1. So, in the stretch 36-51, of the ones that are in contact with a Phe, Trp or Tyr (Cβ under 9 Å, 6 or more places away or on another chain) and in a helix (DSSP H, G or I), which residue ends up surrounded by the fewest Cβ atoms within 10 Å (Cβ to Cβ)?
2. What is the residue count in the stretch 41-77 for residues that are touching a helix residue (DSSP H, G or I) at 6+ places or on another chain (Cβ under 8 Å) and closer than 11 Å to Arg15 by Cα?
3. Considering only residues that are assigned to a loop (DSSP other than H, G, I, E, B) and more than 14 Å from Leu17 (Cα to Cα), which ones fall in the stretch 52-72?
4. Looking at the stretch 18-44, which of its residues are of a type in the set (A, V, I, L, M) and within 12 Å of the chain's Cα centre (by Cα)?
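Quick note: the coordinates plus some simple rules give every number you see, no bench work behind them. Since this is a predicted model, take the numbers as computed values, not measurements. With ideal geometry, Cβ positions are generated from the backbone for all residues, glycine too; neighbour counts draw on all protein chains shown.
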Amino acid sequence: MLQHVRCERDAIVTRYLGPTNMLGARVKATDGGKTIRLPYDHRLTLDGNHYAAARKLAGHDNLIGGALPGGNRVWVVMS
């Protein structure tokens with residue numbers, strides 16, 4: 001059964017960015033207005049890194065998320 005929830009802001013999309021010759025791996029989080037990039041923390045899982053980036057952008061832990069095609073993740077702030 002689908003559950004309807006109210007969101008406070010736009011969805012946050014997180015994306016893994018692989019390492020380059022100049023930069024290490026990182027995770028990018030964007031909500032359409034703001035974007036941040038966090039270094040990939042190898043102590044966390046891939047999902048943990050995505051959640052950490054979304055949490056940093058949102059400013060709190062009250063998030064719910066899921067996977068998108070292509071490996072990106074989407075998160076919404078629960079009210």
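1. Result: Leu46.
2. The qualifying residues number 1.
3. Gly59, His60, Asp61, Asn62, Leu68, Pro69
4. Val27, Ala29, Ile36, Leu38
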